[in-house]
1. Quick one: in region 95-119, which of the residues that are in contact with a Lys or Arg (Cβ under 8 Å, 6 or more places away or on another chain) and buried (at least 24 other Cβ atoms within 10 Å of the Cβ) is nearest to Asp5 (Cα to Cα)?
2. Evaluate region 131-141: report whether one residue or more is of a type outside the set (S, T, N, Q), surrounded by 23 or more Cβ atoms within 10 Å (Cβ to Cβ) and not in a strand (DSSP E or B).
3. Among the residues of region 151-184, which ones are in contact (Cβ under 8 Å) with a residue 60 or more places away in the chain and farther than 25 Å from Lys100 by Cβ?
4. Could you count how many residues in region 12-31 are closer than 23 Å to Ala94 by Cα and assigned to a helix (DSSP H, G or I)?
5. Based on this model, can you work out whether Arg202 counts as of a type in the set (Lys, Arg), surrounded by 21 or more Cβ atoms within 10 Å (Cβ to Cβ) and free of Cβ contacts under 8 Å to residues at least 60 places away in the same chain?
6. So Leu199 passes all but one of these: (1) part of a strand (DSSP E or B); (2) in contact with a Phe, Trp or Tyr (Cβ under 6 Å, 6 or more places away or on another chain); (3) closer than 20 Å to His257 by Cβ. Which condition number does it fail?
7. Is region 142-155 home to any residue that is closer than 24 Å to Met1 by Cα, at pLDDT 95 or above and either in a strand (DSSP E or B) or of a type in the set (S, T, N, Q) (or both)?
8. Checking the conditions here, which among Pro122, Pro75 is surrounded by fewer than 23 Cβ atoms within 10 Å (Cβ to Cβ) and more than 24 Å from Ala23 (Cβ to Cβ)?
Amino acid sequence: MPEHDDDLALLTRAARAAGEIAARYFDRDQKVWDKGGGQGPVTEADLEIDRMLKERLLAARPGYGWLSEETEDDPRRLSCTRVFIVDPIDGTRAFVKGEKTFSHALAVAVNGQVVAGVVYLPLKGLCYCATLGRGATLNGKPIHHSRRTDLTGARVLAARHQFEPRLWPGGVPEIEHHFRSSLAYRLALVAEGRFDAMLTLRDAWEWDIAAGTLICAEAGVTITDRRNQPLSFNNAPPQQAGVLAASAALHAGFLRHLAVI
């Protein structure tokens, strides 16, 4: 739909502006705080990018709701048909360490369904985009998942603790394990076909996964929560019961091995 394309263009411009701010702070001394409660660090860059995105995006779409990792949640978003779902820096730990695998993840959801999404890695020059029904792209070129059908030996992005034996009553699958700090980037890498699957069995914040969920779906990836339920966004609280993204065959294979959590 034309409005989805307009939203994607808006998100893309905003993501590139976020990248300019991140580049100024990258690999330099900056203030870093621990948010506590296992939520991880937040930096000066996170907060400046969040302020910029909120001002820019809501000025362009004043009727939209707002959900961001670095903004205090406003329950008024729950009554909005269209909502921005934003992570100013996804992979802040990587950003603090001077690693280039952090991303900016921006999405628009309509009645719970993501219709436009961008995952941008400014220091790697990677811009993943999708609008509902239009396919997914990387730097303007179409992308598609790997089409792998054999779970054994599949290249899977996940934190190592996701493969604790207690979670896999059918046995831990014999996969090739990989990791990236940014959940949004992990999803984009599966959409691109560079990896065969990604999973996180712990509850996932919506701002980490909203944009990547659409990019995966538009690249032909089967994506659900850990219970094989579809993902719907702008919830209270804004969390999903994990994420499982893979080709249809691998997705089914993982579900056969997984415990119901």
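1. Filtering region 95-119 for residues in contact with a Lys or Arg (Cβ under 8 Å, 6 or more places away or on another chain) gives 100-101, 108-110.
Filter once more, so that each one left must be buried (at least 24 other Cβ atoms within 10 Å of the Cβ): 108-109.
Values: Val108: 11, Ala109: 13 Å.
Among residues in region 95-119 that are in contact with a Lys or Arg (Cβ under 8 Å, 6 or more places away or on another chain) and buried (at least 24 other Cβ atoms within 10 Å of the Cβ), the one nearest to Asp5 (Cα to Cα) is Val108.
2. Just the residues of region 131-141 that are of a type outside the set (S, T, N, Q), to begin with: 132-136, 138, 140-141.
When the remaining residues are screened for being surrounded by 23 or more Cβ atoms within 10 Å (Cβ to Cβ), the result is 136.
Within this subset, residues satisfying the condition of being not in a strand (DSSP E or B) are none.
The answer is no; no qualifying residue exists.
3. Passing the criteria: Leu151, Ala154, Arg166, Leu167, Trp168, Pro169, Gly170, Gly171, Val172, Pro173.
4. So the first thing to find is which residues in region 12-31 are closer than 23 Å to Ala94 by Cα, and the list is 12, 14-31.
Of the ones still in play, those that are also assigned to a helix (DSSP H, G or I) are 12, 14-25.
Going through region 12-31 one residue at a time, the tally reaches 13.
5. Working: of a type in the set (Lys, Arg): yes; surrounded by 21 or more Cβ atoms within 10 Å (Cβ to Cβ): no; free of Cβ contacts under 8 Å to residues at least 60 places away in the same chain: yes.
Judged against the criteria, Arg202 is not a match.
6. Here Leu199 meets the rest and fails (2).
7. We begin by selecting, within region 142-155, every residue closer than 24 Å to Met1 by Cα; these are 142-145.
Keeping just the survivors that are at pLDDT 95 or above gives 142-145.
Still in the list and also either in a strand (DSSP E or B) or of a type in the set (S, T, N, Q) (or both): 142.
Looking through region 142-155, at least one residue is closer than 24 Å to Met1 by Cα, at pLDDT 95 or above and either in a strand (DSSP E or B) or of a type in the set (S, T, N, Q) (or both).
8. Details: Pro122 fails: more than 24 Å from Ala23 (Cβ to Cβ).
On inspection, the qualifying residue turns out to be Pro75.
The values are calculated or read from the model by the stated rules, or taken from the named source; none is laboratory data. As the structure is a prediction and not an experimental result, all values here were calculated from the model. Cβ: placed from backbone, ideal geometry, glycine included. Neighbour counts: every protein chain shown.
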